[in-house]
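I have placed the structure first, in the form of structure tokens, so that the comments after it can refer back to it.
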Amino acid sequence: MNVTIVTHRDGDENEVAFNYQKREENERPMVLDVLLQAQLDSIPDLAFRYGCRARNCGVCTVDINGKPRIACRARAREGDRISAVATLPIAGDLVARRDGIARQLQGKLAGLPRHNDLNVEAPDDYHALTACIECYACLDNCPMHARNFDGTTPAQISDKASLPDPANGYRWGNPFSLLKIQRYRLDPLTTDQGQKAGIELANSLGLDACTSCPGCKCGVGIDLKRKVIKPLLQDSGLESPAKN
Amino acid sequence: MSIDTEWLDYDVLVVGSGGAGSHAARAASEAGAKVLVLSKDPIGCSDTKISEGIATVRQCSADDDSEQTLSENLRMAGADLPLSKITDAFATDSIDAYDQYRINGLRPPIDAERQTPQALPLPMGGHNRRRSVGHANSGIAFGHASCDAVIANGGIDYLEDNWFIDLVKAPADDNHPAGEVIGGISYDAARGCLVAIRAPSVIIAAGGLSTLYFPKTDTMRGNTGDSYAIAARAGAELVDMEQVQFLPFCLTSPPSYEGLLCGEPVTASFLGVLRDNNGKVILDGVYLRTRAECSAAIMRAVEDGRGSPNGGAWLDMTANKTPPRSGPYFMKFLQTALPSAYRNARQAMGKAAARCDDAWEVRPGAHYHMGGIRVDENGAGVAGSGDGETKSGVSGLYAAGQAMGGLFGANRLGSTSLTEVAVFGSRAGIAAARHAQSTSVSDHLKDLFDSAIHNTGTHFGKPGKTSAAKLRQELQQASWRTIGPLRSADKLAEFAADIERWQTELNDVPIPAYGSWNQSFIDFQELRNMLDTASAVCAAALQRDCSVGGHVRLDGKDVSLFSTPYSTVVHRTAHGAFDSRRTLRTRTPIKRALTYKVQEKHARLKASLLRLMPATLQDKHLEKRYRAIMGASGATAMMPGGTEAATADAGNV
Ligand SMILES: Cc1cc2nc3c(=O)[nH]c(=O)nc-3n(C[C@H](O)[C@H](O)[C@H](O)COP(=O)(O)OP(=O)(O)OC[C@H]3O[C@@H](n4cnc5c(N)ncnc54)[C@H](O)[C@@H]3O)c2cc1C
Ligand code: SF4
Ligand code: SF4
Ligand code: FES
């Protein structure tokens, strides 16, 4: 099976052709298998992230033919083009810098009062949002996240020095951050004050972008539109409940 | 040298951001320390996050589950290798430590009557009480808790994509016979620089070593033995390093799924058995067995030439599912008890296996390391004879979680590690914060950092011809054969010689000069850690010449109930080899041990009788038992976001 792997070394981009050798006659390898074999047989220092091989750790996301996929659970196909996700700056080869995303939440909901009865059950939606593996596939096509990069992606900005430094946390939000905020709000331990702080944080990250957006898509199938965006918009008053 | 160095000052440096690291960071920060967390994976991405998410909560099903009961349970399961002050600490703190997860957002199902987290229907293998609690979304829920503890709740500094390389230590003096930690050096791959961190306390919470056996493992890629290698290079002692836990039921094929977890002994339920390739039963009463017993049974069949095509055995659960009344309950149990393991099984082996019409081909996989850095009950490094003394250990060095040894000895019971990381992460955090309050790193020690920085920096821009990936694969294949589930003196000696050769070849791995995400440098460092760790395991495995727990010697007897138990202790010599010795442990009084054995035998006898019952009677009896443990409707399952809707793994199965 022939694929193309896009490498990034010290600022240089290269397209490397690789021919995957099947290990079993009927093998339908995952993209991660292709990368592991490429590293073993032809690009010894190929950089890519992975961890669990089982769609749990969320770190192996790459773009396959321009769309974010979880490499350990995406079947490779003849002619696939494998590159780092376009929505984040590249650290090396297929490794994107993820740190600017979660960093924007650092300490943001700390120190608020909490209810103290630990023996309470959380609502189903709380668990539905906890299913997020932090794969960042949802950054794709998110206009709010794109605000960090003049409305495009880091890949399209040629002057890399002008990119915002992820080490400071991104100024504008994304579906993942909103999910974390909404999850916090659904937690039965969160007080009214916490509810409000959550909405304020969502607003400050640019929640208004969601009013004119067709909506986000999650890599593991969480219903972000209904379970995250809609309630946040309603409670922030950006969208009246009647409109839906 | 082409790479820059950033200097930082902290009270407590925590290496690792899984369960142990995040609890340690929170506890140290709450105790008033200025804390930095380093993590080579993104924050929270760790074994903790990919686990089955089942935790031990004492007294969640029965009031008589005393501290003593739990502590003794751990020690007996661990063949008396665990230290009682460490198992006592586990039992004493377990409830409160688990609650720290809840404070960080973990929401278990609640037993409304008892006002405690809801226990799973069956005790997990080897537990003498029902005290394991499952969680919606398995380990991912724990991943969120780790992440939130470090990031969202504030007050803690952190750096991810950051590989901790080595500790920096002030030389030994009268007060610090093994020297004193003054900080360490790390490589920040994302920012392309080295970081020199001055800190009087360092907590190693960097996980285990199972990547030595890749792909025959279900753990995270990052388990390259960094914890043990880094501590050993700084002069710390390691305990029970031969005790690697292999989970018996991991997948063998297709290649993408090789090594992933598909079940636990309890999965086999009342009637599941293990068969060799000729269909002969090699282990019955599987649900009552420890992980070590099941793994050994499979591997002995393989060694004997009766293994399955991919070097394992067959887990046959057909007898559970066929009976008309109890069968449906079993299927529900199978699907809900370990949801992500079942998902792996279904995707890898297909529908007939998922329905249990076909037996499952299973093979052990490396899962956890019981041994580790030798510490006291607060995670502080110890050394010396007996149980070891804190004042003889490396001062300022702490370990928690899978990095530490002394808690589980020869065998770890299921669901205990997620609690372990909370208990000892918190303890180490508090102890490290206290230590930092009474110590400071003086400026005149800068030279020591300068030479560590220099040594690390010289690797950038190094020529060579050896592929790190190939070398790693060679080591991994050899590890499975020699320090894997079946060992012998001959195999170990051969392995020790190979390690020496690989150590030399490692210096021939080329490393380019650029700083930003230099994968060759990362591979070099991880391989160096894997080799040091393999060396430590090999030395301990040679020292223990009989079989006990996770350590099975083909050329040695099983340890007897009457012999005096001992732990192995290894430490790294100036030449880089590992010296080993034994340290005696206290044996459980024979009377207690015999009672325990009799209880075990009794349970197994009952299980065999059950299998011999006439079919209809058996079916009725089992239906009653399933109903009693699961309720009439069967346990309720909560699965992560529906696979059908998943866009990122579209085109699967
Ligand atoms: C599939 C699976 C299922 C499991 N199920 C259960 C279960 O249900 N119940 C249970 O109790 N236990 C379970 N376990 C075991 C349990 O998950 C682990 O033992 C436990 O999570 C270990 O936690 P830890 O904090 O010690 O290490 P980890 O959670 O592995 O964290 C290690 C951290 O160290 C970092 N790190 C490593 N090296 C370096 C370095 N050099 N520099 C910087 N950072 C570094 C890593 O990035 C990571 O953040 C399971 C394990 C697996 C693999
Ligand atoms: S919301 Fe979905 S797509 Fe986004 S990070 Fe979480 S799991 Fe991935
Ligand atoms: S709905 Fe909001 S968060 Fe989702 S993609 Fe659109 S702008 Fe981004
Ligand atoms: S490797 Fe963990 S999600 Fe892919």
Checklist entry - With each pseudo-label sitting 7 Å past Cα toward Cβ, what's the B:R346-B:K85 distance in nm, one decimal? => result 4.9 nm
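Is the shape of segment B:1-160 rounded, prolate or oblate, going by the alpha carbon gyration tensor and its root eigenvalues a ≥ b ≥ c, with a/c under 1.5 for rounded and a/b larger than b/c for prolate?
prolate
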Checklist outcome for this item: A:N14 and B:E303 label points (each 7 Å along its Cα→Cβ direction) are spaced in nm at 4.7 nm
Item to check | the protein assembly as shown - share of DSSP beta bridges that are antiparallel (%, nearest 5) | outcome: 70 percent
Next on the checklist: To make sure I understand, if each residue's beta carbon is the centre and we count other beta carbons within 10 Å, what order do B:W7, B:W360 fall in, fewest to most?
Outcome noted: B:W7, B:W360
Item to check | Mean-position separation - Cα centroids, segment B:393-438 and segment B:109-130, in angstrom | outcome: 25 Å
Next on the checklist: Taking amide H atoms as placed 1.01 Å from N in the peptide plane, list the residues 5 or more away in sequence, or in a different chain, whose amide H sits under 5 Å from that of A:R81.
Outcome noted: A:T4, A:N65
Next on the checklist: Using Cβ counts within 10 Å as a stand-in for footprinting exposure, how do B:D63, B:D532, B:D9 rank, fewest first?
Outcome noted: B:D63, B:D9, B:D532
Next on the checklist: Just want to confirm a number: the relative contact order over chain B, from Cα pairs under 8 angstrom separated by 6+ residues, in percent.
Outcome noted: 20 percent
Checklist entry - How big is the gap, in Å, between the Cα center of segment A:126-145 and the Cα center of segment B:534-596? => result 47 Å
Checklist entry - Per-residue ellipticity at 222 nm for chain A, helices alone: DSSP H runs ≥ 4 residues times -39500 (n - 2.57), over residue total, nearest 500 deg cm²/dmol? => result -6500 deg cm²/dmol
Next on the checklist: If I stretch the segment between B:D357 and B:D450 completely, what's the gain in nm (0.36 nm per residue apart, minus their alpha carbon distance), one decimal?
Outcome noted: 27.1 nm
Checklist entry - So between B:A497 and B:I629, what do we pick up on full extension, going 0.36 nm a residue minus the alpha carbon distance? => result 42.3 nm
Item to check | Label-point gap, in nm, between B:L617 and A:D41 - each point 7 angstrom along Cα→Cβ | outcome: 6.0 nm
Checklist outcome for this item: Expected max-MSF residue from A:E25, A:E134, A:E13 in the GNM of chain A (alpha carbon, under 10 Å) is A:E25
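Run the numbers for B:H602 and B:L561: contour at 0.36 nm per residue of separation, minus the present Cα-Cα distance, in nm. Walk me through the numbers on the way to the answer.
On the way: separation 41, 0.36 × 41 = 14.76 nm, distance 1.78 nm.
So the chain would gain 13.0 nm between B:H602 and B:L561.
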Next on the checklist: Can you list residues from other chains, or at least 5 along the same chain, whose modelled amide H is less than 5 Å from the amide H of B:C250?
Outcome noted: B:C262, B:R363, B:G365
Checklist entry - Considering the Cα trace of segment B:30-83, what is its radius of gyration and what is Dmax, both in angstroms? => result 17.0, 42
Checklist entry - Put +1 on the Cβ of each Lys and Arg and -1 on the Cβ of each Asp and Glu in segment B:463-584; which of B:V559, B:S467, B:Q477 then has its Cα farthest toward the positive end of the dipole? => result B:V559
Next on the checklist: Quick check of the Kirkwood formula: for segment A:99-243, what is the inverse mean of 1/r over all pairs of different Cα atoms, in Å?
Outcome noted: 16.0 Å
Checklist outcome for this item: In deg cm²/dmol, rounded to the nearest 500, the helical mean residue ellipticity at 222 nm of chain B, built from -39500 (n - 2.57) for every DSSP H run of length 4 or more, is -11500 deg cm²/dmol
Checklist entry - Based on the Cα coordinates of the protein assembly as shown, what is the per residue volume of their convex hull in Å³? => result 154 Å³
Item to check | Order of A:S162, B:S61 under a 10 Å beta carbon neighbour criterion, fewest first | outcome: A:S162, B:S61
Checklist entry - Efficiency by 1/(1 + (r/R0)^6): what FRET value for B:T586 and B:E474, r their Cβ-Cβ distance, R0 = 35 Å, to the nearest 0.05? => result 0.25
Item to check | Förster radius 51 Å - calculated FRET efficiency between A:Q156 and B:D64, Cβ distance, rounded to 0.05 | outcome: 0.20
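We did not get these values from a lab; they are worked out from the coordinates using the rules stated. Note that the coordinates shown come from a computational prediction; the quantities given were computed from them, not determined experimentally. We place every Cβ from the backbone using ideal geometry, glycine too, and count neighbours over all the protein chains shown.
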